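Notes follow the structure.
The values are calculated or read from the model by the stated rules, or taken from the named source; none is laboratory data. Worth saying up front: this structure is predicted, and the values here are computed from it rather than measured. Here the Cβ positions follow ideal geometry from the backbone for every residue, glycine too, while neighbour counts run over all protein chains shown.
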């Protein structure tokens, strides 16, 4: 995937590019192209572009990234808390950041929304927002660090995820909590269980003491101050406790899967 | 071949190995690591530039942020393991002490003057002049600081005391960038002088 990503043209959406290319074809070719797995990879073959990075380099990098996952899991200290800050340190305005513009951010109706709980849990009941709001909440002021390098300090309030996992009878020996979100293109992300059980990992309902605004992930975000920002899901729709590595939106494209801070 | 033809002043020095095998192996391993680290680092920098410029995509490695990160976090192991072995061997064999010390301010000034007026002797490559000593000792320190600042950016929670030592996450990024700039400046001088005195390059390849 990393190899394909490297072929992307900044400012050109790959999905739209593939769609446009398919449109430009005669009907039969288009059907075959789509049936054959329309992808940027297929498109590069079609246009005769050269894939310059060698496959072996890609494999080596992928293996090294897995090795780095293991190293990070090994040095992850479940008792080490992310530094906290005073209110005065909060970054204002806190940046909106996603792979889409704010106008395209998901709009979730809080009245209809229910958090779906699946997988290795005793109680698979779905939770309404009102029910979740009744759980004990704590506030944290921590630094959000983006994979791009910038950082910003924010104030998040919500229920520690480990309390919720206990409440629903999750098998905490499972390897992952896998989150699925309402983002366009279906953002999802796996969170290793050790991090899910970290005291600061939070089901967030408020930002700066106000109901979580749409920009920051209404109705619910998972705040993980021990992970890079892209592993802090917003607009969460469901959580699955699982032993299977189900991949993630960014992880599948080549960002390191553990990406711990 | 007589050593006399190479140097009149230090016949014994010219015949002996100037750069032992371990120095040469680690030097070139480090050269590969540092070039990968710098070019992939530029790619990462471009995702969120600290200053009002970006690096041209023609000189960055990885193609996009994710690719740059993969290269950076792969090559860092070569840089760190090789660098650590180099430090341990350099200290244990006494090479650092023998080659890099003493450095005196008056010596640095005198050798800088000699270099700028092309009067600096390159007769004995096994002995560094004061400017070389300063630059080589300095770049080792910069190498240590760039690794430590890099670790504090990578692990600002797990290694939070290290990050705090640099004045926090955001300042650590500037430290990391500054060290990169210093290494690039060093490389310009280092490569230019190696080409000006080709026998020094030969010594780093075949040892003599």
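Considering only residues of the stretch A:221-254 that are in a loop (DSSP other than H, G, I, E, B) and touching a helix residue (DSSP H, G or I) at 6+ places or on another chain (Cβ under 7 Å), which is surrounded by the fewest Cβ atoms within 10 Å (Cβ to Cβ)?
A:250
Tell me whether the stretch A:98-109 contains one or more residues that are touching a helix residue (DSSP H, G or I) at 6+ places or on another chain (Cβ under 9 Å), at pLDDT below 95 and in a helix (DSSP H, G or I).
Yes, the conditions are met somewhere in the stretch A:98-109.
Residue under question is residue A:236, and the condition is that it be free of Cβ contacts under 8 Å to residues at least 60 places away in the same chain, in the same structural domain as residue A:99 (by TED's automatic domain parsing) and within 23 Å of residue A:120 (Cβ to Cβ); does it hold? Break it down into steps so the answer makes sense when it comes.
Details: free of Cβ contacts under 8 Å to residues at least 60 places away in the same chain: no; in the same structural domain as residue A:99 (by TED's automatic domain parsing): yes; within 23 Å of residue A:120 (Cβ to Cβ): yes.
No: the conditions fail for residue A:236.
From (1) within 19 Å of the chain's Cα centre (by Cα); (2) surrounded by 15 or more Cβ atoms within 10 Å (Cβ to Cβ); (3) part of a helix (DSSP H, G or I), pick out the condition that doesn't hold for residue B:103.
(3)
What's the total number of residues in the stretch A:87-106 that are more than 14 Å from chain B (Cβ to nearest Cβ) and over 19 Å from residue A:188 (Cβ atoms)? Even if it seems obvious, please write down each step before you answer.
Filtering the stretch A:87-106 for residues more than 14 Å from chain B (Cβ to nearest Cβ) gives A:87-88, A:90, A:92-94, A:96, A:98, A:100-106.
Narrowing further to those that are over 19 Å from residue A:188 (Cβ atoms): A:87-88, A:90, A:92-94, A:96, A:101-103.
The qualifying residues number 10.
Which members of the stretch B:44-67 meet the condition of being part of a helix (DSSP H, G or I) and at the interface with chain A (Cβ under 10 Å from one of its Cβ atoms)? So that I can check it myself, show each step before the final result.
If we filter the stretch B:44-67 for residues that are part of a helix (DSSP H, G or I), which is where we start, we get B:44-47, B:57-59, B:65-67.
The answer is B:44, B:45, B:46, B:47, B:57, B:65, B:66, B:67.
Scanning for something within 14 Å of chain A (Cβ to nearest Cβ), under 18 Å from residue A:57 (Cβ atoms) and either in a helix (DSSP H, G or I) or at pLDDT below 95 (or both), does the stretch B:79-93 turn up at least one residue?
Yes - at least one qualifying residue is present in the stretch B:79-93.
Counting only residues that are closer than 30 Å to residue B:156 by Cα, within 21 Å of the chain's Cα centre (by Cα) and assigned to a loop (DSSP other than H, G, I, E, B), how many does the stretch A:119-146 have?
Number of matching residues: 1.
Just to be sure I understand, how many residues within the stretch B:123-142 are outside any helix (DSSP H, G or I) and over 14 Å from residue B:193 (Cβ atoms)?
Matching residues across the stretch B:123-142 total 4.
Could you grab me the full set of residues in the stretch A:129-151 that are over 17 Å from residue A:219 (Cβ atoms) and either surrounded by fewer than 17 Cβ atoms within 10 Å (Cβ to Cβ) or more than 14 Å from every other protein chain (Cβ to nearest Cβ) (or both)?
Residues satisfying the conditions are A:136, A:138, A:139, A:141, A:146.
Against the definition (closer than 19 Å to residue A:177 by Cβ and touching a helix residue (DSSP H, G or I) at 6+ places or on another chain (Cβ under 9 Å)), how does residue A:120 come out, yes or no?
The answer is no for residue A:120.
Exactly one of these conditions fails for residue B:120: (1) away from every other protein chain (no Cβ under 14 Å); (2) within 30 Å of residue B:44 (Cα to Cα); (3) not in a helix (DSSP H, G or I). Give me its number.
(2)
Give the number of residues within the stretch A:90-122 that are more than 17 Å from residue A:219 (Cα to Cα) and touching a strand residue (DSSP E or B) at 6+ places or on another chain (Cβ under 7 Å).
Counting residues in the stretch A:90-122 that are more than 17 Å from residue A:219 (Cα to Cα) and touching a strand residue (DSSP E or B) at 6+ places or on another chain (Cβ under 7 Å) gives 8.
(1) surrounded by 15 or more Cβ atoms within 10 Å (Cβ to Cβ); (2) within 14 Å of another protein chain (Cβ to nearest Cβ); (3) touching a residue at least 24 places away in the same chain (Cβ under 8 Å): which one isn't true of residue B:160, the others all being true?
(3)
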